[in-house]
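Here, each number is a calculation from the coordinates, and none is a lab measurement. What you are looking at is a predicted structure, and each value in this text was computed from that prediction instead of being measured. Note: ideal-geometry Cβ built from the backbone for every residue, glycine included; neighbour counts use all protein chains shown.
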Amino acid sequence: MKKIYLVFIGLVLGASVSLASEQNLQIFSVDNKNGAISAKTIQKAFIDAGLKVDVNNDMNSIFSKRYGKVHHKEYNLAIFTNDKLLKKLMDKYPSIGVITPLTMSIYIDAKDNINVSTLSLHGMSRITKIPLTNPDLVAYSKLVDAALHKALPNGKYLSVNHGTSKALVTEFTTEFEVADDGSYKDAKKSFKEEFEAEISPVGFLIPNSYIFEHDAYDFFDTYSIIRFNAIYPVSKNHPDAGAYAPFSVVIYKKKDDDTVHIAYPSIENWIGDLDIKEEATIKAVQQTQDLMKKILNELTE
């Protein structure tokens, strides 16, 4: 593989300075003392609302085995998509891949409220640079809102007082060398195999991956990625981190263009957006960002 541009960190500045104070994630909450609502009923409600839920993992089960301790009564991380809206957005904005799939955390707090955190419309727009007024992005946000209301009847959005970070996306460009009897899809498959071989030994997992067929692209794939050594410490005081985790790596190539683009939302965004103050947690988040950046930098050389 031949790297044709330097790896860079792109500043996603947003459409307007006046939007800087908007919250990038939202938390929908309802009293659940009777235990009627669960991660499974929420999943069903999202599916019924038109969102495909591909993963809904009980993180407490994983955390108790790995670390011997859990932070919350219940804690799930889930990923979900709507292919119809995604393909519409892909027409003009390949950046939609950095939030594909969308993610949510489902958790029960000390007062037996069940909470679901997701990206807000502002958060979706900020990280992708898709205008807040884009009708398909607005429709996507409204679909999430409808699913939340269906999943948590009588629920409400909580006041979120998090800070905000610069909306960083870590991006790479490269070219794939294609064998005479091969194709770009073959080269992409080889890249994915190398990528998985590199990330696994340092604790990254891919809960799911997506292949989207689109006339404008030779390929458009996204990988949903998680690292337990980051989400476990973060989720202790910031359970709403599921709006950002698992995070997505997008890899795509437009037709009639030799450049392969690879990008993901910088994990260090969590520090500002979630107001993380704990030094050990900040270190775990930064280490995760540095590891992913280093691996992709090496693979695109």
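Ignoring everything except DSSP H segments at least 4 long, calculate the 222 nm mean residue ellipticity for the chain; use -39,500 (n - 2.57) per segment, divide by total residues, nearest 500. Theoretical 222 nm ellipticity from helices: -10500 deg cm²/dmol.
Residues in the range 118-134 carry Karplus couplings, in order, of 9, 5, 7, 4, 4, x, 5, 5, 4, 7, 9, 6, 7, x, 4, 8, 4 Hz; the curve used is 6.51 cos²θ - 1.76 cosθ + 1.60 with θ = phi - 60°, and Gly or Pro positions show x. Loop sites by DSSP among the trypsin sites (Lys or Arg not before Pro) of the chain, restricted to those with at most 11 other Cβ atoms within 10 angstrom, leave 112-254 as the longest stretch without any of them.
Each of Tyr223, Tyr217 was scored by other Cβ atoms within 10 Å of its Cβ. Arranged with the fewest first, they read Tyr217, Tyr223.
In the chain, with Lys and Arg counted as +1 and Asp and Glu as -1 at Cβ, which of these residues, Asn269, Tyr140, Asn34, has the Cα nearest the positive end of the dipole, that is, farthest along it? Farthest towards the positive pole: Asn34. Coupling constants for the range 141-147 follow from the phi torsions by the Karplus curve (6.51 cos²θ - 1.76 cosθ + 1.60, θ = phi - 60°), and in residue order they are 4, 5, 5, 5, 4, 5, 5 Hz; glycine and proline get x. Around the amide H of Phe219, modelled in the peptide plane, lie the amide H atoms of Lys253, all under 5 Å away and 5 or more residues distant in sequence or on another chain. With unit charges on the beta carbon (Lys/Arg positive, Asp/Glu negative), name the residue among Gly68, Ser120, Ile106 whose Cα is farthest towards the positive pole of the charge dipole of the range 65-127. Farthest along the dipole direction, towards plus: Gly68. So what's the gap between the Cα centers of the range 210-231 and the range 42-108, to the nearest angstrom? Going from one Cα centre to the other spans 14 Å.
For the residue pairs Lys156/Lys236; Lys52/Lys150; Lys92/Lys253; Lys88/Lys254; Lys111/Lys150; Lys87/Lys129, the alpha carbons lie more than 19 Å apart in Lys156/Lys236; Lys111/Lys150.
Build a GNM of the chain with springs between Cα atoms under 10 Å: which of Asp83, Asp180, Asp31 gets the top mean-square fluctuation? Checking each option, the largest mean-square fluctuation is seen for Asp180. Under the rule a/c < 1.5 gives rounded, and otherwise a/b versus b/c splits prolate from oblate, where does the chain land using the Cα gyration tensor? The shape class here is prolate. Among Ser235, Phe247, Met90, whose Cα lies farthest out toward the positive end of the dipole of the chain, if unit charges sit on the beta carbon of Lys, Arg (+1) and Asp, Glu (-1)? Projecting each Cα onto the dipole axis, the largest value belongs to Ser235. Amide H contacts for Thr300 (H built 1.01 Å from N in the peptide plane; partners 5 or more residues away or on another chain; cut-off under 5 Å): none found. For the range 209-219, backbone phi angles converted through the Karplus equation (6.51, -1.76, 1.60; θ = phi - 60°) give residue-by-residue couplings of 9, 10, 10, 10, 8, 8, 4, 7, 10, 6, 7 Hz, Gly and Pro being listed as x. If only the Cβ of Lys and Arg carry +1 and only the Cβ of Asp and Glu carry -1, the dipole of the chain around its Cα centre is close to 1020 debye.
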